[in-house]
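Notes follow the structure.
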Amino acid sequence: MKQNNQISVSNLNNVTETLLYPLIARYVETKKTDGILSDPKSVEIIKTLDYDVANTKLYPISQLGACLRTVIFDEAVSKFLHSYPDGLVINLGCGLDTRFPRVDNGRVLWFDLDLPETIQLRREFFAESARNRFIARSALDPTWTVEVPKGKKTFIIMEGLSYYFTEREIKQLLLLIKNHFPGAHLFMEAFHPLFVKLCSLPISKDPLDKKAASLLRWGICCGKEIESWFEGIHYIGEEYVVNRGRERFSTINRILFCLVPIMSRMTKIIHLEFDEENK
């Protein structure tokens, strides 16, 4: 693990570059005196990267939303580990996520998966171990499933990833999970289709904001729709990210949420469960 002062991110492009978005969002929130989370590891990483964070101005509603979803995912994983302390967690599209050291119970088997260039960067800040393993592959590459043991209670998380895929690719991924991890639970962040369209508007001037928006491909009105895609996938529920910290948004945003209720349903965390046996 390198400890120098400047680690390049020049090999990141397109979707891989968007890993900086949640990292910077957590960094900004941690620096606040009343932030909704504290993530010193993100601060440590930011200080080491060769990236101009000072001049990166994320759209405030998106920055806060990214941190609220982090809190929701942390709680979901912690709840799973409370019930299944020896369980298995698969983090699809891990980026520079800092969740494992935050929720580690000393017993969980954890897999962080992302594209090779992302995992290469991740190794600069995190040491792989017997219980925290890295997989350098696309989530759509079925060979990654071979590296993950079967037969354990499994919880799969997909934060900040689904909307960069097309609907066909999302279906491909869910079918892959269904066939290889029967009985697994999946927590997946998703956007409303309207939000995907709104993000194409020239609202933010920040290059990173615009880059992420330009790559959005998929949204869904309600996770319940996924049940109709295949047999053996069950919709458990979903939580709207805004509702977790509505009071922290600006007055204008809160008024908008009240006047146009659909605006508070733009980002959601969908909970799915897969049948124990494939049908």
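The values are calculated or read from the model by the stated rules, or taken from the named source; none is laboratory data. Everything quoted here is computed from the prediction, not taken from an experiment. Here the Cβ positions follow ideal geometry from the backbone for every residue, glycine too, while neighbour counts run over all protein chains shown.
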Picking from ARG123, ARG107, the residue that is more than 26 Å from LYS268 (Cβ to Cβ), more than 16 Å from the chain's Cα centre (by Cα), surrounded by fewer than 15 Cβ atoms within 10 Å (Cβ to Cβ) and without any contact (Cβ under 8 Å) to a residue 40 or more places away in the chain would be ARG107
Where residues in segment 39-75 are of a type in the set (Gly, Ala, Ser) and under 14 Å from the mean Cα position of the chain (by Cα), which of them is nearest to TYR240 (Cα to Cα)?
GLY65
Here is a list of conditions, (1) at pLDDT 95 or above; (2) surrounded by 14 or more Cβ atoms within 10 Å (Cβ to Cβ), and PRO149 meets all of them except one; can you say which number that is?
(2)
Kindly provide the set of residues from segment 235-279 that are in a helix (DSSP H, G or I) and among the charged types (D, E, K, R), ordered by number.
ARG244, ARG246, GLU247, ARG248, ARG254, ARG265
Can you tell me which condition PRO101 does not meet? The list is (1) free of Cβ contacts under 8 Å to residues at least 40 places away in the same chain; (2) in a helix (DSSP H, G or I), and all the others hold.
(1)
Looking at segment 1-49, which of its residues are modelled with pLDDT of 90 or more and either in contact with a Cys (Cβ under 6 Å, 6 or more places away or on another chain) or charged (D, E, K, R) (or both)?
ALA25, ARG26, GLU29, LYS31, LYS32, ASP34, ILE36, LEU37, ASP39, LYS41, GLU44, LYS47
Test: HIS234 is surrounded by fewer than 18 Cβ atoms within 10 Å (Cβ to Cβ), modelled with pLDDT of 95 or more and touching a Ser or Thr at 6+ places or on another chain (Cβ under 7 Å):
no
